[in-house]
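A.B. asks: This is the structure I have questions about; it appears just below.
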Ligand code: AMP
Ligand code: MG
């Protein structure tokens, strides 16, 4: 892959093309990620995936009439009048453990010892639980009468055959995986997980585990974004981080970007300073750099990077400050990735909480503050401050407080929209 070198009328590297609202930029990013195709995955690997088609039951559940108790299968008429002082005694014709496949019919006037989940013999219509008998194996004394149907699980009473058990768009958790297996399915049809590359930039960055020299910091956005991508249900691949060097940046991208990559996310190098490597390398190659009316995360870029051979690859360029980077991922990328997988709830769960303190907010921007929600009294309090380098506060937060455009102050007790980050 070679980034098509625009001998084209490239905008001046480093210029910011336009200003956008949060919603406008969300729509731009969402348009880069169309729905992925439908694939078949083993049921055991389907956790967290989204069912792509209605699941029609190939058989009924239970698949046959079976006992709900350990006890004795009988004809209800044969135990009419049985009681503690007047037990009915019946010969035990056969023993039916769970899994027996050659169960004979039950002759009138006999009982069959039966275990939970074992098939009911033809002719039997009730199960007397073992606690109401003497537990005999040749003959059994039954000390209670029970109507027909007692402790019998009938075929199809849970799920009928040929009906929709799970609708398209269902997120597959433990119960949904269980019903698929119970129906005998080995695979399920789901939308493919987008594969996302992560590329961090910055000449100051050092891999954790190495020695740090004055002026250097450890690289943390790469692992953070890769984890966030996986949390969103996608697969992530971290490329080696690069210095603020356009040629090195292009080289690393060119080594890896090819068909089969659904998205490249970069961090850093998109704001208004000098050495903005991402902006300098990608301006004029299909990626637009804009200022979004939000805080943190004002400088953003997105577009379809044009490669040779007609290949193109969606790219979203996030700012480098760790809080800006993750908040931007939450606002723009996560919902788009989840929508591409057919997720019925691409967004984080949203609740309205009460402000636990007075806050000021810039009226011309949508502000996302890190918060902790007290679920007991429904109040939310800020952790840290709006500054976008406060990774410690980000790591303690469990929600984002959304302070909309047009609002310059929140007072204690005011309603605040909150995105739950662990939901
Ligand atoms: P930039 O957006 O490249 O101007 O970076 C803004 C701030 O974020 C600077 O203080 C960078 O050192 C920091 N930063 C950028 N990339 C990373 C990263 N991958 N890990 C940790 N901090 C970063
Ligand atoms: Mg940088």
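The values are calculated or read from the model by the stated rules, or taken from the named source; none is laboratory data. Not measured: the values here are computed from a predicted model. Here Cβ is always computed from backbone atoms with ideal geometry, including for glycine, and neighbour counts include all displayed protein chains.
Here is a yes/no grid of residues against (1) more than 16 Å from ligand 1 (Cβ to nearest atom); (2) closer than 30 Å to residue 418 by Cβ; (3) buried (at least 24 other Cβ atoms within 10 Å of the Cβ):
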residue: 282; (1), (2), (3): no, no, yes
residue: 300; (1), (2), (3): no, yes, yes
residue: 311; (1), (2), (3): yes, no, no
residue: 322; (1), (2), (3): no, yes, no
residue: 339; (1), (2), (3): yes, yes, no
residue: 346; (1), (2), (3): yes, yes, no
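A.B. asks: May I pose another question? Given the structure, is residue 288 closer than 14 Å to residue 315 by Cα, modelled with pLDDT of 95 or more and either in a loop (DSSP other than H, G, I, E, B) or more than 25 Å from the chain's Cα centre (by Cα) (or both)?
C.D. replies: On the way: closer than 14 Å to residue 315 by Cα: yes; modelled with pLDDT of 95 or more: yes; either in a loop (DSSP other than H, G, I, E, B) or more than 25 Å from the chain's Cα centre (by Cα) (or both): yes.
The answer is yes for residue 288.
Residue-wise test of (1) buried (at least 18 other Cβ atoms within 10 Å of the Cβ); (2) out of contact with any strand residue (DSSP E or B) (no Cβ under 9 Å at 6 or more places or on another chain).
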{"site": "128", "(1), (2)": "yes, no"}
{"site": "144", "(1), (2)": "no, no"}
{"site": "153", "(1), (2)": "yes, no"}
{"site": "163", "(1), (2)": "no, no"}
{"site": "166", "(1), (2)": "yes, no"}
{"site": "208", "(1), (2)": "no, no"}
{"site": "214", "(1), (2)": "no, yes"}
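A.B. asks: Can you list the strands (runs of 3 or more DSSP E) lying wholly within segment 34-96 that have 3 or more residues being at pLDDT 95 or above and under 24 Å from residue 196 (Cβ atoms)?
C.D. replies: Working: elements: 38-42, 71-74, 88-96.
In segment 34-96, the matching strands (runs of 3 or more DSSP E) lie at 38-42.
A.B. asks: Quick one: how many residues across segment 260-275 are at pLDDT 95 or above, within 10 Å of ligand 2 (Cβ to nearest atom) and not in a strand (DSSP E or B)? Spell out how you get there, then give the answer.
C.D. replies: So the first thing to find is which residues in segment 260-275 are at pLDDT 95 or above, and the list is 262-270.
Checking the rest, the ones that are also within 10 Å of ligand 2 (Cβ to nearest atom) come to 267-270.
Imposing the further condition that a residue be not in a strand (DSSP E or B) reduces the set to 268-270.
Number satisfying all stated conditions: 3.
A.B. asks: Exactly one of these conditions fails for residue 390: (1) surrounded by 19 or more Cβ atoms within 10 Å (Cβ to Cβ); (2) closer than 22 Å to residue 26 by Cα; (3) in contact with a helix residue (DSSP H, G or I) (Cβ under 8 Å, 6 or more places away or on another chain). Give me its number.
C.D. replies: Single failed check for residue 390: (2).
A.B. asks: With 331, 315, 277, 327 as the choices, which residue is closer than 15 Å to residue 388 by Cβ and touching a helix residue (DSSP H, G or I) at 6+ places or on another chain (Cβ under 8 Å)? Let's see the steps before the verdict.
C.D. replies: On the way: 315 fails: closer than 15 Å to residue 388 by Cβ; 277 fails: closer than 15 Å to residue 388 by Cβ; 327 fails: touching a helix residue (DSSP H, G or I) at 6+ places or on another chain (Cβ under 8 Å).
After applying the criteria, what remains is 331.
A.B. asks: Residues that are on the phi > 0 side of the Ramachandran plot and in contact (Cβ under 8 Å) with a residue 60 or more places away in the chain: list the strands (runs of 3 or more DSSP E) wholly contained in segment 105-216 that include at least 3 such residues. Full working, then the answer.
C.D. replies: Working: elements: 111-114, 126-129, 139-142, 164-166, 187-191, 195-200.
Here the list is empty.
A.B. asks: While we're looking at this one, here's another question. Among the residues of segment 225-251, count how many are within 15 Å of ligand 2 (Cβ to nearest atom) and assigned to a helix (DSSP H, G or I).
C.D. replies: 4
A.B. asks: Within segment 362-378, is there a residue that is modelled with pLDDT of 95 or more, surrounded by fewer than 23 Cβ atoms within 10 Å (Cβ to Cβ), away from ligand 1 (no atom under 16 Å from the Cβ) and part of a helix (DSSP H, G or I)?
C.D. replies: no
A.B. asks: Is there a residue being surrounded by fewer than 16 Cβ atoms within 10 Å (Cβ to Cβ) and within 27 Å of residue 58 (Cα to Cα) anywhere in segment 74-96?
C.D. replies: Scanning segment 74-96 turns up no residue that is surrounded by fewer than 16 Cβ atoms within 10 Å (Cβ to Cβ) and within 27 Å of residue 58 (Cα to Cα).
A.B. asks: Please enumerate the residues belonging to segment 26-36 that are touching a strand residue (DSSP E or B) at 6+ places or on another chain (Cβ under 7 Å) and surrounded by fewer than 17 Cβ atoms within 10 Å (Cβ to Cβ).
C.D. replies: Selection gives 35 alone.
A.B. asks: Can you pull out the residues in segment 414-423 that are surrounded by 11 or more Cβ atoms within 10 Å (Cβ to Cβ) and part of a loop (DSSP other than H, G, I, E, B)?
C.D. replies: Within segment 414-423, 414, 421, 423 meet the criteria.
A.B. asks: Of all residues in segment 259-272, which are farther than 16 Å from residue 388 by Cα and either in contact with a strand residue (DSSP E or B) (Cβ under 8 Å, 6 or more places away or on another chain) or within 6 Å of ligand 1 (Cβ to nearest atom) (or both)? Give the steps one after another, and end with the answer.
C.D. replies: First pass over segment 259-272, keeping only residues farther than 16 Å from residue 388 by Cα: 259-266.
Within segment 259-272, 260, 261, 262, 263, 264, 265, 266 meet the criteria.
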